[in-house]
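Participant: Pasting a structure below so you can have a look.
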Amino acid sequence: EDIIQALRFTNIPQPQYNDRFHDVRQMIEAFNNHYIENYTPGWISCIDESMIDWLNKYCPGWMCVPRKPHPFGNEYHTICDGDLLKGSPIMFRVELVEGKDRPVELGPKEFEDLGKTVGLMLRMSRNLWNTGKVVTMDSGFSVSKGILAMREK
């Protein structure tokens, strides 16, 4: 019990404002940075959504997405290496869908001034810019403004 009480996902002090995701932000950032520094995706990658099962509706960011095989939990936007010749697909970047639980004090996400979907496309594909590699996505992400913005990178 003492061990469980001492476990933390962050060593950053709690901010003065209410941030329901504070405890996992540093862990997600560390995950993403680890893959940027230590992993080279193959020739094709795919941006998509993923659900993490969570049955407690009081969890920050909890949502129900009926079209998903596991509809209850937290949703993440992800990008995965689709080069099956390299082995199993590897998820190399994640972004938590915060929705209404994102604190306004954090300001807009990077590239969000171009639109939420375009900003997401640019953030997820950043380490593939200028590599000639292919990024695929379903129609929910495929907005022409975003495709053109990615092409310019």
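The values are calculated or read from the model by the stated rules, or taken from the named source; none is laboratory data. All figures in this text were calculated on a predicted structure; none of them were measured in a lab. Positions of Cβ are generated from backbone atoms using ideal geometry, with glycine treated the same way; all protein chains shown enter the neighbour counts. For accessibility, only protein heavy atoms count, side chains too; no ligands or nucleic acids. Shrake-Rupley method; radii C 1.70, N 1.55, O 1.52, S 1.80 Å.
Participant: Would you confirm, using the coordinates I've provided, whether ILE52 is open to solvent by 40 Å² or more (accessible area, probe 1.4 Å) and either part of a strand (DSSP E or B) or hydrophobic (A, V, I, L, M, F, W, C) (or both)? Quick ask: steps written out before the conclusion?
Facilitator: Values: open to solvent by 40 Å² or more (accessible area, probe 1.4 Å): yes; either part of a strand (DSSP E or B) or hydrophobic (A, V, I, L, M, F, W, C) (or both): yes.
Against the criterion (open to solvent by 40 Å² or more (accessible area, probe 1.4 Å) and either part of a strand (DSSP E or B) or hydrophobic (A, V, I, L, M, F, W, C) (or both)), ILE52 qualifies.
Participant: May I pose another question? Taking only pairs six or more apart or across chains, which ones have beta-carbon atoms under 7 Å, a first residue in segment 12-37 that is crowded, with 16+ Cβ neighbours inside 10 Å, and a second residue that is part of a helix (DSSP H, G or I)?
Facilitator: Cβ pairs passing all conditions: PHE21/ASP101.
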